[in-house]
Each structure stands twice: as structure tokens, then as C-alpha cells.
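Everything below concerns the one structure shown next.
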């Protein structure tokens, strides 16, 4: 195996195993920051050894075993943890070798849930909770998290460092809450699941259009949370949204890995089982009653697409109305951009362009590549081809995903 091949393999393994590894280590050392450091140490050792030895048959088990040995070494050196050294050191040294896949281990779901709730503890700001959980759950880089939040990388890096220091200083236990505390911490957990799924559904940077393992982890975590709090409508709303969105995965990528946009997808490839599950979760939201929250509203929008067997059957007027309701309960410029698209489909591109121009003048989406992308599409529909080409080229310059950049440049050339 060449060095470059080994590094690509290690990167892929890390994406899959990061959450499992950190969650398992955090249960042992009761410190999320320390658990991540140990996991990163194991990754560094893998980068040194695997190019020569090859990727082991069970890379997750190898990383866990290596990280445990690092934990023993660090505990022995760290005077502050002297009281824990004997007990934890003996536990780690005499533990059975890790031979099973962590994904199928009986503690994995509990460990992952504890990790999410620990990272989302109320001693942290909402922004720090989400950033830290994205980091330790998915191994996302600060750049990828910053793209999700539309803020500078330095801001995210500071949030993560401060969050880990705060958890350690406050001696936050590694556990899942219950009762009133669970209800208070649930919204930030749902936001974590949502952003993890979105990062997998449309990768912000790199050569892949989707990272399906992130989608699967987010959906799985959402189902775990729904099982934990079955009477909370927004949990079911989020699960409904993720199920329906995930149903399109096979149709979203072409033979060469290129993106396939929603209206161009082969809907026979949509997973009808996931759609049925999503619609069932959405029905559960209605059963529980109350005003729909932002996830339930987004799920209702996704359901409109799922129920349409062809693009022409899509109820765009209802989608536009749902986006308007969403903008009232969860206002954001991205929601307004999506509403503009729905308005253009329901009532004509000129109406959508008016809304997009207002957003452009407001300036909050100045560096967001989908703003010029949407504007280019609307201009093309209005026959303003030269202007459309400029917008698609600007969108390509702003895009950080290579697949998406290629698509945008192709659209620019087609408008020449």
C-alpha cells in the first residue's frame, strides 16, 4: 500500500470510527476532551504505522486498543489524575482485547447518547454545544463546522477549545440526563443531529457529494433519541425529515459520483420504505398535537416532494406556504432563500428573483454559494443568459465542494 493510499484509507476509517472511538473512551475516562485527545493520538500512530503494515482487519478495534494504551501512559504521567490511576489503569490493562466491531457492541448506542448529551450540557453556550458535538461525534474539521454555521473557522476553533475546558473544569459527568433536565437539553441535541445529517447529505468540502456514513449515524442517533423521548413531537419531526431526505440518497449521485439535482432525479430509485417510515413519523407529530416546530415543518416540505411521483405533481404552493410558516418559527436567510425557490416554482421566476434580490441586498448570504446559484437559475428561466452565466461562475468560485463546483461551471457553460 502506498503512502497516499494509506492516508486515504485512514481518513475514511476516521470518518466512520471517530464517534465510536471517542464515545467509548469518554465512558472510560469520563472526560470528553481527554477522550478526543486520546483518539487523535491513536490516529497519529495509525498515520505512522499503517502505510508500512497496511490497514488492520478491524481498524476501529485497533484504534480503540491503541487509545487505551495511551490512556494508561497519560494517567501514569498526570499527577492530577493520581487517585484514578490505579483503578482505571488496572481496568484498562486487564480489559479483554477489543475484538468486536464497536458498532454492534451493546454499549455503543448508550455511549453515543451520553456523548451527545455531555457535549450539549447547559454549562456551554448553544453554539459551543453544537460545535463540540459535531467535532467529537463526526470528526468534522473546524472548517466544515464553520461552513455549517456560516462563521469564521477561528470562531469555531475557539468555541471547541473553550467548551472542552469548561466541561473539564466543571467536572461534568459523562451521562445522559433525565426529567426536566433532558427536556431543557433536547433542542441542542436535535440541532446536532440535524447538522450532522446535513454535513453527510451535502458535503461542504472535498471530492464527495455525499458522506452516507454521517447520514446513517445521524438517522440512527435520531431514532435513539425518539425512543428515549417518544412523546416529544419535534423529535419525531426531525426523524421524519431525515428518513425522507435519506430516501433520495441513491438518486442524488450519478454514475461518476456527480450530483443529481432534485428535479432531475430518477424517483423510482427513491427508497419507498424510508419514505413510509418518514411519513409515519410525521403522522406521529400530528397525533401528539401542538403547533409544528421547525423540524416538523421541514419534514412536511420533504413529504410534499416524496408524495409527488413526478416533478410536475409537486405542490409548490403548499411548499411556499410551509416555508413562510418556517420563517416565522425559525427565521433565517437560508430559509428565505429556499422560500424564494418555492415561490418561483409556484408563481413564476420573476417573483422568486425579487425575493432573492432582496436577500442579496441585505448581505447576510454574501459568501453563500447557493445565493448566486439560485439567482443564476432564475435569470436563466427569464432568458437573461449572460447574467445567469456570471452568477453560476460566481457560485462556483464560492463553492468548496469540488463536485458542486463542477456542476456549477457546467451550468455556466450551458448558458454561454
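Throughout, read-outs are computed from the coordinates displayed, never taken from laboratory work. These numbers were taken from a predicted model, which means no experiment stands behind them. Neighbour counts are summed over all protein chains in view; Cβ atoms, including those assigned to glycine, are modelled from backbone coordinates with ideal geometry.
For the stretch 262-355, a Kirkwood hydrodynamic radius built from all Cα pairs, placed in the Stokes-Einstein relation at 20 °C and 1.002 mPa s, yields a translational diffusion coefficient of 152 µm²/s.
With 20 Å bins beginning at zero, the pair-distance distribution over Cα atoms of the chain amounts to 24, 55, 20, 1 %. Would you please give the FRET efficiency between residue 45 and residue 110, computed as 1/(1 + (r/R0)^6) with r the Cβ-Cβ distance and R0 = 30 Å, to the nearest 0.05? Computed FRET efficiency for residue 45 and residue 110 comes out at 0.65. From least to most packed, judged by other beta carbons within 10 angstrom and beginning with the fewest, 180, 110 follow the order 180, 110. Take every pair of alpha-carbon atoms less than 8 Å apart whose residues are at least six positions apart; their mean separation over the length of the chain yields a relative contact order of 11 percent. For the chain, modelled as a GNM with alpha-carbon contacts under 10 angstrom, which of 22, 172, 145 fluctuates the most? Looking only at 22, 172, 145, the biggest GNM fluctuation is shown by 172.
Only Cα pairs under 8 Å and 6+ residues apart enter the sum, and on that basis the relative contact order of the stretch 4-64 stands at 45 percent. How large is the Rg to Rh ratio of the stretch 114-191 when both quantities use alpha carbon positions and Rh follows Kirkwood? Looking at the stretch 114-191, the ratio lands at 0.96. Among 353, 371, 263, the largest mean-square fluctuation in a Gaussian network model of the chain, built with springs joining Cα atoms closer than 10 Å, belongs to 263. Length gained on full extension, residue 315 to residue 181: 44.2 nm, using 0.36 nm per residue less the C-alpha separation.
Note: relative contact order over the stretch 280-416, using C-alpha pairs below 8 Å and six or more positions apart, is 14 percent. The angle separating the long axis of helix 59-77 from the principal Cα axis of greatest extent in the chain is about 50 degrees. Residues considered: 151, 189, 136. Largest GNM mean-square fluctuation over the chain, using C-alpha springs under 10 Å, is found at 151. The stretch 196-257 and the stretch 1-78 have Cα centres spaced 25 Å apart.
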